[in-house]
Amino acid sequence: MHEDLEKFERSLKRMSPAAVPPELMARLRAARVAVPAAESAASRWNLRLAEWFAAWRGLAVVAPAAMLLLLWLALRPAAGLAENTSGIKANAVQVDHSLVASFDAVAQLPGGEPVRFHCRKWQDDVVVHDDANGVFITQSTPRVEVVPVRFETY
């Protein structure tokens, strides 16, 4: 069976295709419809749209690399700037905190139980002196401490 198929394939390879009958060719040529102008414009528009998408696809590939390059250029220190700046070398640093107010408060939990709080208001201060560069930095930050205290009942 396998040999019969091989013989058939060899005989097909030796044959040449028959010529198309002239009547069929005449009917095919007559049946060819001219493409209307509207379809032609639509196909041109589709081609332009495909070219536009191809250009944007190319930009989408290049854009992340360009963004990384711009980010690197923006974040790297300027040439010579890092060499000339020495930063702050503090001669004196003072850290202080002051108690501004102290009071107790009583609140009631949703269940009706009383709760006592001990509240303290503090002022934290930091002062830095750099006499070589003439820098004097002061920062003051308020802070509130709230500590729940057990309500003693006798």
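In terms of the Cα gyration tensor, with a ≥ b ≥ c the square roots of its eigenvalues, is the stretch 88-149 rounded because a/c is under 1.5, prolate because a/b exceeds b/c, or oblate? The partial results should precede the final answer.
Values: a/c = 6.01, a/b = 4.72, b/c = 1.27.
Prolate shape, in that a/c is at least 1.5 and a/b is the bigger ratio.
Need the full-extension length gain, Arg116 to Asp131, defined as separation in residues times 0.36 nm minus the C-alpha distance. One decimal, nm.
So the extension gain works out to 0.5 nm.
Find which of Pro114, Phe103, Val146 sits farthest along the positive direction of the dipole of the stretch 88-149, computed with +1 on the beta-carbon of Lys and Arg, -1 on that of Asp and Glu, about the Cα centre.
Comparing the listed Cα positions along the dipole, Pro114 ranks first.
Among the lysines, select those whose C-alpha is under 26 Å from the C-alpha of Lys121, and discard any that sit fewer than 8 residues away in the same chain.
The qualifying lysines are none; the list is empty.
Please give the length that would be gained between Glu145 and Ile88 if that part of the chain were fully extended, namely 0.36 nm times their separation in residues minus their C-alpha to C-alpha distance (nm, one decimal).
Gain on stretching Glu145 to Ile88: 17.3 nm.
If the reach is capped at under 13 angstrom between alpha carbons, list the aspartates and glutamates near Lys89, excluding any in the same chain fewer than eight residues apart.
Here the aspartates and glutamates satisfying the reach criterion relative to Lys89 are Asp130, Asp131.
So how do 12-20, 123-131 stack up, highest first, on mean other-Cβ count within 10 Å?
Values: 12-20: 6.7, 123-131: 14.3.
Highest to lowest by the protection proxy: 123-131, 12-20.
No lab work stands behind these numbers, since they all come straight from the coordinates. Keep in mind that this is a model prediction, so the values were computed, not measured. Quick reminder, even Gly has a Cβ in these numbers, built from the backbone with ideal geometry, and neighbours come from all protein chains shown.
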